[in-house]
Amino acid sequence: VRLVESGGGSVQAGGSLRLACTVVANNAVINNVRWHRQTPGSQRELVATINPLVGSQGLTTYADSVKGRFIASRGTTNTMYLQMNRLSAEDTGIYYCSAYVTVVGEGWSEFWGQGTQVTVSS
């Protein structure tokens, strides 16, 4: 099992980016997906969560700093997304996804993506 992130990049303030987090595994069940960011000089911050097993859209929560701007969602396969809108320079950092994953015959384990850089210029 591994998590592969994509979608980072550079954007001007006010712009948008969409991050993707794909769970690479056969017959995987994914739970409790979290999006974190590491900003320069700060501790890693949890910015959004999605529980894809709840309801048809998943259950989401957001940090106050991104509420109303970021949207966590599930894709049609093993991919989760973080849509980031109205970005500002304070959103610059490395974004990581993590998820609890189980495959047939194994228990739940937490896995992390490799991180993707988001740079917002003012």
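The values are calculated or read from the model by the stated rules, or taken from the named source; none is laboratory data. Everything numeric here is computed off the predicted structure, so don't read it as measured data. All Cβ positions, glycine included, derive from the backbone under ideal geometry; neighbour counts span all protein chains shown. Please note that ligands, DNA and RNA were not included when accessible areas were found on the heavy atoms of the full protein model with its side chains. Shrake-Rupley method; radii C 1.70, N 1.55, O 1.52, S 1.80 Å.
Observations, loosely collected:
- SER42 sits among other residues whose Cβ lies under 13 Å from its own Cβ, and their net charge, with Lys and Arg +1 and Asp and Glu -1, is -1.
- Cβ-defined net charge surrounding GLU90, 12 Å radius [Lys, Arg +1; Asp, Glu -1]: +1
- Net charge of Cβ neighbours under 14 Å - reference ASN32; Lys, Arg +1; Asp, Glu -1: +1
- Selected from GLY107, ASN31, ASN85, residue furthest toward positive end of dipole (the chain; charges at beta carbon): ASN85
- Using all pairs of distinct alpha-carbon atoms, the Kirkwood hydrodynamic radius of the stretch 61-122 works out to 13.7 angstrom.
- Residue order for ILE30, ILE71, ILE94 - accessible surface, 1.4 angstrom probe, largest first: ILE71, ILE94, ILE30
- Computed with a 1.4 Å probe on the full set of protein chains, the accessible area for GLU110 sits at about 70 Å².
- Tail weight of P(r) past 22 Å, computed on alpha-carbon pairs of the chain, percent: 30
- Largest accessible area first, the listed residues SER73, SER122 line up as SER122, SER73 when surface is computed with a 1.4 Å probe on the assembled protein chains.
- When only Cα pairs below 8 angstrom with a gap of at least 6 residues are kept, the stretch 52-94 shows a relative contact order of 27 percent.
- Mean separation of Cα contacts under 8 Å, 6 or more apart, over the residue count of the chain: relative contact order %: 35
- For the chain, the carbon plus sulfur part of the accessible surface works out to 48%, probe radius 1.4 Å.
- Taking all protein chains into account, the per residue accessible area for the stretch 11-85 stands at 52 Å² (1.4 Å probe).
- Heavy-atom SASA rank of TYR100, TYR95 (probe 1.4 Å, accessible area, largest first): TYR100, TYR95
- Distance between the modelled labels on VAL1 and GLU90, one decimal in nanometres: 3.5 nm (7 Å Cα→Cβ projection).
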